[in-house]
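Colleague: Below is the structure I would like to discuss, written out as structure tokens.
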């Protein structure tokens, strides 16, 4: 946790760089990409998932929630 100007505590994003060291020869490249092109990596991640559109995100959330609730209710009935 970090502190802000008013002395209040705030949460900071964690950086797991120790995971990148296990990549072997690709570690320096991965570290450079994380340090210098974070926005590119972040956008590429969401682009690969196909949920850049707000409507698609909403529909994905609703579908996941509805099917998840249905499958959990089936599991609860069989117990």
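Colleague: Quick one: if the Förster radius is 30 Å, what FRET efficiency do residue 23 and residue 66 give, using the C-beta to C-beta distance and rounding to 0.05?
Modeller: Values: r = 38 Å, r/R0 = 1.27.
For R0 = 30 Å, the calculated efficiency reads 0.20.
Colleague: Let me ask another. Based on the Cβ-Cβ distance of residue 33 and residue 76, what FRET efficiency does E = 1/(1 + (r/R0)^6) give at R0 = 35 Å, to the nearest 0.05? Intermediate results must be reported in sequence, preceding the final value.
Modeller: Values: r = 44 Å, r/R0 = 1.26.
For R0 = 35 Å, the calculated efficiency reads 0.20.
Colleague: Expressed in nm to one decimal, what extension gain is obtained for the pair residue 57 and residue 43 from 0.36 nm per residue of sequence separation less their Cα-Cα distance? It would help to have the intermediate numbers written out before the result.
Modeller: Working: separation 14, 0.36 × 14 = 5.04 nm, distance 1.44 nm.
Full extension of this stretch gives 3.6 nm more.
Read-outs throughout are calculated quantities, based only on the coordinates presented, and are distinct from any laboratory measurement. Bear in mind the structure is a predicted one, so any value in this text is a computation, not a measurement. Counting neighbours? That spans all protein chains shown, and the Cβs are built from the backbone with ideal geometry, glycine included.
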